[in-house]
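What follows is a single structure, written as structure tokens, with notes after it.
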Amino acid sequence: MSESLNNLRFDSIDQVLDFAVTKEEEARDFYLEWAQKVKNMGIREVLDEFAAEEQKHKDMILNVKAGGAFKTKPGEIIDLKIGDYFVTIDPDEKMTYQEALQVAIQREMGAQELYRYLQQRSNEATLKSLFEKLALEESKHKRRLEQLFDEDILIEN
Amino acid sequence: MSLKDILSPFSAWKRTLEKPYTVKKPIEEREGADRYRGFHVNDIEKCIGCGTCEEICQNEAIDMVPVNFIHAGKGDSGLRPQIDYGRCCWCALCVDVCPTGSLGMSNDYIWVTSDPQEWVFKPGVDDKIWKDDDKGYRRSDEAWLLDPKLTPMPVMEPDVRKNTFDEMAYGYEVVMAVEEASRCLECGICIDACPTHMDIPEYIKAIRENRLEDGLKILYDTNPFSESCGRVCTAHCQDVCALGHNGDPIAIRWLKRYITDQTAEKRNEILRIGKSLPQKEGTVGIIGGGPAGLTAAFYLRNYGYHVVVYEQHDKLGGMLRYGIPQYRLPKEVLDREIQTILDTGVEVKYNTTVGKDISLKELKEQYDALFISVGAQIGTQMPIEGIDTPGVLVGLEFLDKIAEGQRPDLGERVIVVGGGNTAMDVCRSSMRLGAKEVFVYYRRTEAEMPANDEEIEEAKEEGVKFEFLTTPTKISKQGDRLKIECIRMQLGEPDATGRRRPIPIEGSEFTVEADTVIMAIGQKVDSSMAEQAEVKATRWGTFAVDPDTLQTNVKGIFAGGDCELGPDDAIHAIADGKKAAYFIDKYISKKGKHHAETK
């Protein structure tokens, strides 16, 4: 993990949740930015949908911050591991639906890895548990995107 | 006269003091024999409304009627038999002929009613006490009046055909074709299932009656690629054939081939190709000379329009030529069929890629209407490490080279990844190129393979080996060969959609070597030209159209075939081509009328 991540310090649940909210906002803005760059109107719609999903994730975390609970239970999400074997790609204004999904899956895997790293690094039990729940939420997002890849791209495989 | 005769009128008087005695049921109720032919029953779920019972009834006691809760759909007319017991003689011919075995007879025989109209009823629909009776007369295999076995197509033996690209199916001879055509019930259920709604019972009847010229005309009414379809069609008609429920479906594909084989030499003459075509004002540009584009061209010429096809290759045919190998569809067969279309007066510009050599916008300005039919010609790539390693090929590009006559050396061991018809064409072609071992690796189970069952069977007969629930994860070079890292899969629990998806089994990684790996995991459309004329493309890269008219968001630009539907079979592309021709004609006619009115 990078030096900037090594410097991250969390002392409270609120700090962790604020960090998670920022991450979801970054993801949302990323998709909105690329939605404006791509020429294919169909791919623009896909990226807008991804942005809307990230907004939903942000709303969910804000709800938790306000006292709500995480809905996903451990063991509920089965990892298809489709993205685990992907080569990394960069977004492009001519990206296809397949490439847009790959980019999105990559981002979710990155987020999941980040929370797992923070969980491992944390010494505080409450925060450890919180990072674990956030990682679980990211795995749910990854699963949703991998399911789309399975249905829409891997039609003959 | 005897004494009895004299006294009998007086003995009748003794009855005047007796109370009348009425027997409500004049006969003592006794159950009918187990196989008694009593009142009809019908399993309306099994029944497909084919009307064969109506046809065979000698007393015209059966009518096929609509039922309000049964809807017509693929393989079901939506009608069910209604029987008039004023006419029925309980001969059970209707039961003995029923293709699905849905119609039977209970062993019930007593029905008392004061309303004679009740005796016209729909078994299985109208609620009767015998509705669920198990006893009674049912069709048996021995008594079935239909022939369940199809006339087999003579084909090359697997050990011979796996070494040659020569056509593997020899075609029906006369006796075989007539025998097979005689099995047809003329129920017409197949017509709706066919994407282009070919009049199948009529052309089969033409074979029976030896009217092959009529048969050819019937074929060309809806499909100018009947000769190719007679070899490679996915035959949705056969999937719903009434006989297929308890026997072999009619070999409709082979019968179509029989007509086109027998009439090939005189085809243009029979169809009066190029003769007395109407002349209409209007020009249509067609982008892509595959089955969709050329079908549209054929029918548009027959409407009377001037048609120009733009084709990026130096030959026409699209996936029929570049995607389907010679042993299934010989190039000379395709060439003569395409020539018939060209003989109607279709103009072609070869080696011209719209979007690069000429823009879609320019074409829009030149023609009254455009039809985009570029197909889905780009192979999907697995985004795994090593996909660009030399020796890893793309299935569609490989088949393209084979179609152009190239015969690459694939080495001894070939692995094909994928489970669709492209993968089957690739693996079988690899065998023919001399590979000693050809494997197909498919990520899911055999039951989920999208390829035709026939293709899978023939591939197995030719020695192709299948590994299911297996997928490559990384490819690299190892000396002269390729090293392929793979993992085994298992089906997970059903998810919210009810589908069980493949999940890697931890620790099941394994490595194999091969000389060539060919990816055949899917196809996609190149719709980059769309932005040149502001045509909307979907997320899947297909052209977005109004499904009823095939018109895109830009007036006068239509799209059809794989580039609109997504990768599909030839018959859907042909259906789209015909439909597009109809709606382009309407569009141009309406446009012409508008111009005339505003002058």
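Coordinate-derived values only; no laboratory data. None of these values were measured; they are calculated from a predicted model. FYI the Cβ positions are ideal-geometry reconstructions off the backbone, even for glycines, and counts take in every protein chain you see.
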Ordering of B:369-380, B:495-506 by packing [mean C-beta count within 10 Å, highest first]: B:369-380, B:495-506
How much net charge surrounds B:His306 when only other residues with a Cβ under 12 Å from its Cβ are counted (Lys, Arg +1; Asp, Glu -1)? -1
Going Cα to Cα from A:Lys39, which aspartates and glutamates come in below 12 Å? Please leave out same-chain ones fewer than 8 positions away. A:Asp92, A:Glu93, B:Glu531, B:Glu534
If one computes the Cα centroid of region B:94-136 and of region B:217-278, what distance in Å separates the two points? 40 Å
Give me the one-decimal nm value for the distance between modelled label points at B:Val120 and A:Thr22, 7 Å along each residue's Cα-to-Cβ direction. 8.2 nm
Mean 1/r over distinct Cα pairs of the protein assembly as shown, inverted to a Kirkwood Rh in Å, yields 30.8 Å
The helix A:125-152 Cα axis meets the longest alpha-carbon principal axis of chain A at an angle in degrees, between 0 and 90 and rounded to 10, of 10 degrees
I'd like the mean, over residues of A:34-43, of how many other protein chain beta carbons sit within 10 Å of each residue's own Cβ. 4
At R0 = 22 Å the Cβ-Cβ FRET efficiency linking B:Thr113 and B:Glu45, nearest 0.05, sits at 0.20
Ranked output for segments B:405-414, A:50-59, B:435-444 by mean other Cβ atoms within 10 Å, highest leading, reads B:435-444, A:50-59, B:405-414
Share of antiparallel DSSP beta bridges in region B:379-522, in percent to the nearest 5? 50 percent
The alpha-carbon pair-distance distribution computed for chain B, with 10 angstrom bins and whole-percent values, is 3, 14, 20, 21, 18, 12, 6, 3, 2, 2, 1, 0, 0
Region B:379-522: C-alpha gyration tensor shape, a/c 1.5 cut-off, then a/b vs b/c: oblate
Any residue on another chain or 5+ positions along whose placed amide H is under 5 Å from the amide H of B:Thr470 is listed here as B:Tyr442, B:Arg443, B:Arg444, B:Met489
With a point put 7 Å past each Cα toward its Cβ, work out how far A:Ala69 is from B:Glu142 in nm, to one decimal. 6.8 nm
At a threshold of 8 angstrom on Cα-Cα distance, excluding pairs fewer than six apart, so keeping six or more, what relative contact order does chain B reach in percent? 12 percent
Tell me which residues come under 5 Å, amide H to amide H, from B:Asn553 once H is placed; ignore anything under 5 positions away on its chain. B:Lys536
What percent antiparallel are the DSSP beta bridges of chain B, to the nearest 5? 50 percent
Averaged over B:376-387, number of beta-carbon atoms from partner chains that fall within 10 Å: 3
Set of region B:197-214 residues, backbone N closer than 12 Å to the point 7 Å along the Cα-Cβ line of B:Ser182: B:208-209
How high is the FRET efficiency between B:Arg272 and B:Arg500 when r is their beta carbon distance and R₀ equals 60 Å, given to the nearest 0.05? 0.60
Cα gyration tensor of chain A, axes a ≥ b ≥ c as square roots of the eigenvalues: rounded (a/c below 1.5), prolate (a/b > b/c) or oblate? prolate
Under 29 Å Cα to Cα from A:Lys37, which lysines show up? Leave out anything in the same chain fewer than 8 places away. A:Lys23, A:Lys56, A:Lys58, A:Lys94, A:Lys140, A:Lys142, B:Lys356, B:Lys361, B:Lys364, B:Lys524, B:Lys536, B:Lys555
